1. Restricting to the stretch 324-352, and then to whatever is polar (S, T, N, Q) and in a helix (DSSP H, G or I), can you tell me which residue is farthest from residue 108 (Cα to Cα)?
2. Name every residue in the stretch 292-315 that is in contact with a helix residue (DSSP H, G or I) (Cβ under 7 Å, 6 or more places away or on another chain) and closer than 23 Å to residue 337 by Cα, in order of residue number.
3. For residues in the stretch 477-509 being more than 13 Å from the ligand (Cβ to nearest atom) and under 19 Å from the mean Cα position of the chain (by Cα), which is surrounded by the most Cβ atoms within 10 Å (Cβ to Cβ)?
4. Go through (1) acidic (Asp, Glu); (2) under 27 Å from the mean Cα position of the chain (by Cα); (3) under 30 Å from residue 277 (Cα atoms) one by one and return the number of the condition residue 436 breaks.
5. Let me confirm something: among 379, 321, which residue is under 28 Å from the mean Cα position of the chain (by Cα) and in a strand (DSSP E or B)?
6. Select, from 140, 107, the only residue that is more than 16 Å from the ligand (Cβ to nearest atom) and more than 23 Å from residue 298 (Cα to Cα).
7. Among the residues of the stretch 165-176, are any of a type outside the set (D, E, K, R) and either modelled with pLDDT under 95 or away from the ligand (no atom under 16 Å from the Cβ) (or both)?
8. Can you pull out the residues in the stretch 407-428 that are outside any helix (DSSP H, G or I) and either without any contact (Cβ under 8 Å) to a residue 24 or more places away in the chain or more than 22 Å from the chain's Cα centre (by Cα) (or both)?
Amino acid sequence: MTSTALPTTEDLRTRARTSLERVGVTVPEGTDFRARTPITGEDLFGLEAATAADTEEALTATRAAFLTWRTTPAPRRGELVRRLGELLRDHKSDLADLITIEAGKIRSEALGEVQEMIDICDFAVGLSRQLYGRTIASERPGHRLAETWHPLGVVGVISAFNFPAAVWSWNTAVALACGDTVIWKPSELTPLISLACDHLLARAAEEVGAPRDVHRLLLGDRTIGEKLVDDPRVALISATGSTRMGREVGPRVAARFGRSLLELGGNNAAVVAPSADLDLAVQAIVFAAAGTAGQRCTTLRRLIVHRDIADTLVARLTAAYQKLPIGNPFDDATLVGPLISTKALDGMQDALTRAQGQGGKILAGGGRRLAEAAAQAAYAEPVIVRVDKQSDVVREETFAPILYVLTYDTLDEAIALHNDVPQGLSSSIFTRDQQEAELFLSAEGSDCGIANVNIGTSGAEIGGAFGGEKETGGGRESGSDSWRAYMRPATNTINYSSRLALAQNVSFL
Ligand code: UN1
């Protein structure tokens, strides 16, 4: 199925300009690089990129701002985040428009992304009154041990096109509450939503009397990210993107003893057991695998189905895939928008060719859509591929809507297959058998940072910690106690007696 005709690039340009103006941003015209839309695959505006001097200035300014921000009481810092959350609420629709225009997300998911930003702001406001340390029992009389959490410094946020605003907000709302300042290097593919977010934060800072330099946006190519990665003034690099990118960033930050928080590739799977509620499973699987055109790091990429129900489930999924409306993401009926680029589509076709060469059989989808409308736009049918083993291509993350289906006989076998990939982000099991569910969640079950029961792999709430193991990079962002990554703990030993007692019964003098 195909939804209504695509808007023209001129319509999208006008809509982007209107949304930006309502947010308060005047598009800074330039010639360094171009904002484009995957909806038509065409350019929207020419923009200016940050120069090396701009990057240097941002480093100096955010470092100077940190020196005052770190001593601003945390609940006062929370006021900035609260104001940002209010402005995001006021501009929810405009921001969602920009996300749809630049990332191609359907309207409901784009609004969801803005909601995710609002949610993390609420969370971080509460956090600003809950940066708790502990008191620890001392082994010495008249002594107290305590743990104090201090702001860390400048945080460099490197974000990807697919969650162009929410991932920035997870990092920025929490970092600001924690007393850090932020430099943001967004994806070159999503500059407009970045300008809008930066503008709203600057406005919030002005309104609450916080330093303007608590945040800086640097638009441009990877050389900016590299500068942040290598500069010792950046205390923490929080980078979201491919495992290939993380392989470069991690060691470079470590080489200067900086900290990094990496949120890299996923190759997420769901196990579907014989007792699963199939109505629920089908709905959850289609959203997780085909939603966002397969371009979430949490997208469901592997389905591990019990042999007894495999044919039934696959038939139901295939039928659902055939009805997926693909096309204009602004159309309420559309469920699958464009891929970000023709390069992404080439990557998808290449993976499908390889999968077939490695024994895979395409059961649904796989074709190109709306090719006639715009050669530069990349609309693709989400695909289901049946495979009999986890060959090379199945073990890789292809950032496109491809769902590989494998079968299993015993749960042990399913868990072994599940964990036998290099990535470890998100996972789920569909079962009504409590023993199976608990085993999947146990230490001998899923090896991922996110493990769910009777819900898909994507669409996590902000309250939990977000991130994964193995090649996913090990970082945790967003909720729970992820805030600790943005602060440094100091252990304090306080002697309130008038005797010097040495630990471990050491005697001296
Ligand atoms: C990402 O794809 O980088 O759980 C983030 C989810 C979203 C976040 C995805 N809340 O799918």
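The values are calculated or read from the model by the stated rules, or taken from the named source; none is laboratory data. Please read all numbers here as calculations on a predicted model, not as lab measurements. Don't worry about glycine lacking a Cβ; one is built from the backbone with ideal geometry, like all the others, and counts go over all protein chains shown.
1. Here the answer is 349.
2. Passing the criteria: 292, 299, 300, 302, 303.
3. Checked the stretch 477-509; the qualifying residue surrounded by the most Cβ atoms within 10 Å (Cβ to Cβ) is 486.
4. (2)
5. Details: 321 fails: in a strand (DSSP E or B).
Only one candidate passes the filter, namely 379.
6. 140
7. So far as the stretch 165-176 goes, yes, one or more of its residues are of a type outside the set (D, E, K, R) and either modelled with pLDDT under 95 or away from the ligand (no atom under 16 Å from the Cβ) (or both).
8. Of everything in the stretch 407-428, those that are outside any helix (DSSP H, G or I) and either without any contact (Cβ under 8 Å) to a residue 24 or more places away in the chain or more than 22 Å from the chain's Cα centre (by Cα) (or both) turn out to be 407, 408, 409, 410, 420.
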